1. Evaluate the charge dipole of segment 460-583 about its Cα centre and quote only its size in Debye, nearest 20, assuming +1 on the Cβ of each Lys and Arg and -1 on the Cβ of each Asp and Glu.
2. Near residue 21, within a Cβ-to-Cβ distance under 11 Å, what is the net charge of the other residues, with Lys and Arg +1 and Asp and Glu -1?
3. Which listed residue (354, 387, 377) has the Cα farthest towards the positive end of the charge dipole for segment 354-397, taking +1 on Lys and Arg C-beta and -1 on Asp and Glu C-beta about the Cα centre?
4. Report, to the nearest 10°, how far helix 227-245 tilts away from the longest principal axis of the Cα atoms in the chain, using its own Cα long axis and a range of 0 to 90°.
5. Over segment 182-307, calculate the relative contact order: mean separation of alpha carbon pairs under 8 Å at least 6 apart, over the residue count, as a percent.
6. Could you list 144, 503 so that the one with the fewest beta carbons within 10 Å of its beta carbon is first and the one with the most is last?
7. Determine the shape class of segment 313-452: with a ≥ b ≥ c the square roots of the Cα gyration tensor eigenvalues, call it rounded for a/c under 1.5, and otherwise prolate if a/b is greater than b/c, oblate otherwise.
8. Can you tell me the orientation of helix 380-424 relative to the chain, as the angle in degrees between its alpha-carbon axis and the longest Cα principal axis, to the nearest 10?
Amino acid sequence: MAFDGITISCIVHELNNKLMNGRIFKIAQPENDELFLTIKVNKEQYRLMISANASLPLIYLTDTNKQSPLTAPSFCMLLRKHINNGRITSIYQPGLERIINIEIEHLNEMGDLCKKILVVELMGKHSNIIFCDDAGKIIDSIKHINIQMSSVREVLPGRDYFIPHADDKLTPLDMNFDSFKSAICSKSCALSKAIYTSITGISPIVSESIINDCGFDSSIPPSELSEDELYHLYNHFNNFMDDVKMHQYSPVIYYQNDNEPVDYSALILNIYSEYKYVTYPDMSSVLEKYYAQKNAITRIRQRSADLRQVINTALAKSVKKYDLQSKQLEDTQKRDKYKIYGELITTYGYTLTPDDKILKCINYYDGNEISIPIDNSLSPIDNAKKYFDKYSKMKRTASALSDIIKETERETKHLESISISLDLATSEDDLKEIKEELIQFGYIRRKSSDKKSKFVSRPIHITIENEYEIYIGKNNYQNEEISFKIANGNDWWFHAKNIPGSHVIVKPKTNDGSDLPDHIFEIAGSLAAYYSKGRDSEKVEIDYTLKKNLKRVTGAAPGFVIYHTNYSMMCEPKSVDEIIEITL
């Protein structure tokens with residue numbers, strides 16, 4: 001979600017509750033466009049992170065810190081000179097602009113009480129942190145903007161500070177129906193765009209969500225709405241803004257695919273009803289958690305890209321090889337015909353004349369007449385031998401291909417299982433295990449400088465009802481570990497039928513060999529379905545059996561097993577988070 005005016009309003013409310021009358025204890029500038037302010041309020045200490053990064057402007061309270069350069073930048077030194085030990089007297093947002101003003105009282109060199117304003121503008125590529133005096137003069141800024149860079153305003157020491165207002169935008173906190181109607185109906189674009197381009201602080205997703213609540217199509221122009229429909233839309237918009245005016249926020253992060261963050265919001269957005277969400281006590285927690293998770297997933301995807309390319313290339317070769325081998329095997333299926341030709345020529349060859357190119361005779365296997373091509377340059381015995389040799393060659397080829405195809409199938413299944421492991425990887429340690437497996441099976445060459453990775457990644461482990469421990473392998477090595485090291489003979493084992501996926505083990509704390517309750521079978525089956533190639537299906541068939549019925553496959557990759565005694569059931573895929581939520 002865009003860092004819009006509503007999100008900033010939520011942050012301002014939080015900062016007012018926590019930082020008001022606090023003293024600025026430390027000022028650091030770890031990056032060219034980033035500040036860290038350490039603020040003491042009574043006996044509490046807070047760290048405020050402010051970033052004017054063009055691609056990701058942010059402001060929130062955090063417990064983390066960054067190492068500062070040995071020599072502080074000039075802007076940081078200026079702030080230390082003026083407002084170090086200063087007291088925060090006011091934090092406010094002009095209208096619903098993407099701006100936060102932090103007013104600070106401090107003593108100057110003469111001991112007189114002065115006021116300064118730290119203006120934080122969070123406007124995408126135009127983001128800035130501007131330091132002003134109480135008269136609105138710019139003392140300095142973290143980014144200098146001259147007339148060549150912007151024709152709207154200069155941000156330089158000595159210039160007057162002002163907000164570059166968009167003249168045609170309304171402030172949503174004090175508008176009425178007539179101004180709302182006039183603003184959006186003057187636009188000929190889609191209804192959603194008409195709202196967020198007409199009203200300050202509203203992001204496209206908030207606009208879409210409000211329209212969705214009304215049951216309207218967001219792509220139609222405002223002119224197609226009747227007076228009653230416009231009033232209905234205004235009421236929904238006004239109700240939404242009432243929560244902002246009353247500071248009744250509900251900071252949330254929306255998730256998809258188990259733990260992948262999709263978006264965040266200061267208020268519940270019904271447009272995201274298909275996603276699960278987690279609420280947080282404040283917006284700072286949301287922003288820090290969201291971007292940390294987003295960065296972690298991005299980092300994992302970037303680092304797994306090379307591994308995925310290796311796997312996809314090897315998998316494509318394996319599939320192509322399997323198709324060619326299958327076609328060759330199919331061609332050998334007609335080998336019995338050549339054996340029959342040889343036998344019939346041996347039996348009826350005496351009827352051939354030197355000029356015959358076809359032997360017509362009765363096939364004593366089915367009683368029908370058959371025509372057999374003959375090479376009249378060869379004797380009947382040599383013609384029979386030629387067909388017997390062709391039959392023998394095809395028979396040997398079929399026998400060899402059967403073994404080769406089985407090996408190719410095993411290789412394909414192994415590579416598919418590694419591909420699924422990449423989808424389940426949540427840490428760099430998971431990637432190390434996958435890379436090590438690719439090295440050990442010859443898909444990647446180990447560099448002379450590389451040592452064998454030490455596995456520190458662990459399988460997923462949850463406890464249900466304080467009675468049943470469930471282990472889920474995220475890759476083949478973990479599947480091997482939980483099935484043959486963690487599981488005991490009477491523990492239950494689950495796996496998606498005939499498709500790559502995780503092994504799931506259920507260990508009752510009191511393991512007396514008795515059956516699990518039905519709902520535990522369903523939970524384990526749902527987990528096995530989700531952590532498999534079939535996770536996007538409505539239902540997945542799951543095989544389950546006691547661990548003592550499992551056997552390793554000789555010469556196969558780790559985690560590959562066979563079993564001859566099992567049960568099956570159909571399960572709806574559910575992630576660990578969904579299972580925990582259900583069982584709470």
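Since every read-out is calculated from the coordinates, none of them should be taken as a lab result. Predicted model, so just to flag it, every value in this text is computed and none were measured. A quick note on method: Cβ atoms are made from the backbone with ideal geometry, for glycine too, and the neighbour counts reach across all protein chains shown.
1. Rounded to the nearest 20 debye, it is 680 debye.
2. Around residue 21, the surrounding residues sum to +3.
3. Checked the options; the winner is 387.
4. 70
5. 19
6. Going from sparsest to densest Cβ surroundings: 144, 503.
7. Note, shape of segment 313-452 comes out prolate.
8. 20
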